[in-house]
Amino acid sequence: MKRKLQVFVCLAVMISFHAVQAEQPKYSSDWYKLIDGTYEGHLLSNNKKNKVVSTFKYSGNDKVMGVYEFDDEGKNEKGKFTNCQADQKGSLLCGWRDKYGVGILKITFTNSLNEFNGFWGEEKIEPEWYWGGKLK
């Protein structure tokens, strides 16, 4: 009886582990080369939800560049993404620069690369404000 219980527990752990593994998105090693496009979404700034359009482009040599435009109380403001670095888990870490300053953007794409969610922050501050988008 004890042996059957051990086998049962072992199988249950293996099945659980496999299920968790299956739920995690799989990304190719060069997934970031496929994110070229414009993503419409929102960002949170000054406790307000603002429309934002983020455009990413693979520029060769393992580099991703981009620009963004956001609505700031009726004014269309523009900025650039700089020094974007991709990991193997679908995440992109970029600097951002606009008339308000500079900072960091940390986002993660869905496995389909049709959507991303993440956070932004000012320079030297851990990103804490929402930024997301869906492929246009």
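See the values below:
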item	result
Some residue of the stretch 46-57 being among the aliphatic types (A, V, I, L, M) and at pLDDT 95 or above	yes
Residue, most open to solvent (accessible area, probe 1.4 Å), within the stretch 51-82, restricted to residues that are farther than 22 Å from S28 by Cβ and polar (S, T, N, Q)	N76
Residue count, the stretch 66-75 (criterion: at pLDDT below 95 and not in a loop (DSSP other than H, G, I, E, B))	3
Total residues in the stretch 94-105, condition farther than 19 Å from G37 by Cβ and surrounded by 12 or more Cβ atoms within 10 Å (Cβ to Cβ)	7
Residue check for F56: out of contact with any helix residue (DSSP H, G or I) (no Cβ under 9 Å at 6 or more places or on another chain), of a type outside the set (S, T, Y) and assigned to a strand (DSSP E or B)	no
Complete set of residues in the stretch 116-136 that are open to solvent by less than 60 Å² (accessible area, probe 1.4 Å) and touching a residue at least 60 places away in the same chain (Cβ under 8 Å)	F116, W120, W131, G132, G133
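The values are calculated or read from the model by the stated rules, or taken from the named source; none is laboratory data. Fair warning: this is a prediction, and the values are worked out from it, not measured in the lab. We place every Cβ from the backbone using ideal geometry, glycine too, and count neighbours over all the protein chains shown. The accessibility values were calculated without ligands, DNA or RNA, using every heavy atom of the protein model including side chains. Shrake-Rupley method; radii C 1.70, N 1.55, O 1.52, S 1.80 Å.
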